[in-house]
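Please treat every number below as a calculation from the coordinates, not as lab data. Quick caveat, the model's predicted, so the values are computed rather than measured. We place every Cβ from the backbone using ideal geometry, glycine too, and count neighbours over all the protein chains shown.
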Amino acid sequence: CPSLMLREVASMYFTMVAAFLVILVVALQGSVPRGTDFPYKVPLDPQGLLELSWNVSYPEQAVHFQLLIRELRFGLLFGMSDRGEFENADLAVLWSDGHNSYFGDAWSDAKGQLHMDSQQDYQLLGARRAPEGLYLLFRRAFSTCDPKDYLIEDGTVHLIYGILEKPVRSLQAINISALHGGLQRVQLLKPNISIPQLPSDMKTMEITAPDVVIPSQETTYWCYMAELPEGFPKHHIIMYEPVVTAGNEGLVHHMEVFQCAAEFDSFPHYNGPCDSKMKPDRLNYCRHVLAAWAMGAQAFYYPEEAGLAFGGPGSSRYLRLEIHYHNPLVFKGRRDSSGIRLYYTATLRPYDAGIMELGLVYTPVMAIPPGEDSFILTGYCTDKCTQLALPTAGIRIFASQLHTHLAGRKVVTVLSRDGREQQVVNADTHYSPHFQEISMLKEVVAVFPGDELITTCTYNTEDRSRATVGGFGILEEMCVNYVHYYPQTQLELCKSAVDPGYLHRYFSLVNRFNDEEICMCPQVSVPQQFYSIPWNTFNRDVLKSLYSFAPISMHCNKSSAVRFPGEWEKQPLPSITERLRERVPRCPGSPEPHPAAPIPLDLGQLRR
């Protein structure tokens, strides 16, 4: 027989377990937090059956999630992975065996098999049924130092979801390949910045699609031309926000408003797909970004001391709206009048805001071989250019929009001074070309004459059989950071490319090294020369080496596309003598270990 002390210990243990379950049930029946507690919101699926809201606590270094499930069947998976895969994913799972429901932190291996995580870092805070559906509230630290967990950091986060249509006897019995699921991209870590006061004479203007029928295909880029009124004087844009047609929240993926080049007196009207052969070529000269929004983003505010100028002399009246529709369920007949609402004022602020392009020039001399899983290209804004073009007091960067085409995987811009890296301007280690928004920086970056801005892009071409060259085409590549700053200067483009002469030497070397002849006749274009290269290890390694040491052609351009005076060819690469230390994730304290066991939930009878 057990001793009296052992009996007392056992009695105390079961009493504590019972008390915990009572507290849990009470907590799960508690009220849903106010909507204002979760300022950010996105639909996870195109039908709007799953809606995610969240807030960010920088003091706690944690994200609080509220997931609304409008039609709960037998559970769902929600989580994060590197690029939206269900393999090697970090997951919060709600499942039911038909009688009882459970919640747990899990991970999937390379084969998609689910495992209960030994460290339960998705912490359930509450669950409650409401007329609109089931609310799940849970918390997750940015960094858990669990090797099976996803590190939440600045930039794009690929969220994944899967709906369980049938009961399952255990977590391990869930078959990921049979799930109805998908992914959504968001910027989880929104900057904690205050909203500036808006002027009393503020007006609004909506640039919206004219009741278009969304094409019944998965991906569409729609272009629409709009005009400012005749004689529209100079104003400052001080804020903008999305206008999304009700019911289309899951289809309107991102939107941008571009201003056209002032060198043309007129632009043709157009309303149709951006890739249509019917689209006038002149619309390609509408590339000056006025506003950009992506799903999950809120309103964009300019700093109190600056506004983006539009209208007046030297400014084009013509604007191009571009909308990316993501329609994976191929809905037919959906009409849409989404767009962007501009807030502007005639009371000009102290500074005009400017937009500067950093990175690589749009040229085929910068190329990526086929079959590469991680190929790096770097563009430079050199100290010589900033010394010449920036005011003595410098400029202040407050926002940034990173941009590549389909092969882009990572983008980062670093500020360097006197050969020493100072700080990261903007970085996205999980970058997706399908999710591009203007991101407000968490802190304003001061750039002074003589500083360098270095932009590095990482590409993946494993699915391609020939070289990918730089250019404007969607299957060509770009590496750009559009930085928003004040005060505006004449410097509009500060980018580089490898010196063409050194690239010609590369082609000559490859031609001598390989048995196959590579035509380098004057009439053969650079892309054709890249396409004819046999991409063996030697040719790949020499190209990488070329880009890492060869001199560059520097484009230090004014808004007129004319370079600042000076010698810009065959410029040496900036010398970096001191790199930034790699940030080590901060691990949260562990007051009480959470056992690797699912939490039982009383959700009543689930739908069959």
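Observations on the structure shown:
- Using C-alpha pairs below 8 Å separated by at least 6 residues, the relative contact order for the chain is 15 percent.
- Only the Cβ atoms of Lys and Arg (+1) and of Asp and Glu (-1) were treated as charged; on that basis the dipole of region 191-349 about its Cα centre amounts to roughly 200 debye.
- Relative contact order (%) - criterion: Cα under 8 Å, at least six apart; region: region 500-553: 45 percent
- Taken one residue at a time, the phi angles of region 141-153 give Karplus couplings (6.51, -1.76, 1.60, θ = phi - 60°) of 5, 3, 10, 10, 6, 9, x, 8, 9, 7, 8, 7, 9 Hz. Gly and Pro are set to x.
- GluC sites (Glu not before Pro) restricted to DSSP loop in region 177-242 with at most 13 other C-beta within 10 Å: Glu218, Glu230
- Pro196 sits among other residues whose Cβ lies under 12 Å from its own Cβ, and their net charge, with Lys and Arg +1 and Asp and Glu -1, is -1.
- Net charge in the neighbourhood of Arg83 (other residues with Cβ under 10 Å of its Cβ; Lys, Arg +1, Asp, Glu -1) is 0.
- Sequence-distant residues sharing a close amide H with His405 (under 5 Å, placed H): Met478
- Calculated on the Cα set of the chain, radius of gyration then Dmax: 27.1, 98 Å.
- Working from Cα pairs under 8 Å separated by at least six residues, relative contact order for region 283-427 is 17 percent.
- The Cβ shell under 14 Å around His235 holds other residues with a net charge of +2, Lys and Arg each +1, Asp and Glu each -1.
- Among the DSSP helices (H) of the chain, those spanning at least 27 angstrom by Cα along their long axis with an average Kyte-Doolittle hydropathy of 0.0 or more are 4-28; this is a geometric and hydropathy rule only.
- Region 410-471: equivalent-ellipsoid semi-axes (sqrt of 5 x gyration tensor eigenvalues, Cα, Å): 27, 16, 9
- In sequence order, region 37-48 has phi-based couplings of 6, 10, x, 10, 8, 9, x, 7, 10, x, 7, x Hz under the Karplus curve 6.51 cos²θ - 1.76 cosθ + 1.60, θ = phi - 60°, and Gly or Pro positions carry x.
- Gyration tensor (alpha-carbon) shape descriptor, region 500-553, a/c threshold 1.5: oblate
- Cα pair distances exceeding 25 angstrom across region 66-220, given as percent: 42 percent
- Qualifying lysines (Cα of each under 27 Å from Cα of Lys277; at least 8 residues distant if same chain): Lys332
- Cut-off 16 Å (backbone N to label point 7 Å along Cα→Cβ of Ser525), residues of region 455-470: 466-470
- For the cross-link pairs Lys166/Lys190; Lys41/Lys410; Lys111/Lys166; Lys41/Lys234, the ones whose C-alpha atoms lie over 27 Å apart are Lys166/Lys190; Lys41/Lys234.
- For the pair Phe448 and Gln172 in one chain, pulling the backbone fully straight at 0.36 nm per residue adds 93.7 nm over the alpha carbon distance.
- Three-way shape label, region 191-349, alpha-carbon gyration tensor, a/c 1.5: oblate
- Extension gain, Glu578 back to Ala299 (0.36 nm per residue minus Cα-Cα distance, nm): 96.7 nm
- When the helices of the chain are scored as -39500 (n - 2.57) per DSSP H run of n ≥ 4 and the total is divided over every residue, the value at 222 nm lands at -3500 deg cm²/dmol.
- Remark: region 276-344 projects, on average over all directions, an area of 7.3 nm² (convex hull of Cα atoms).
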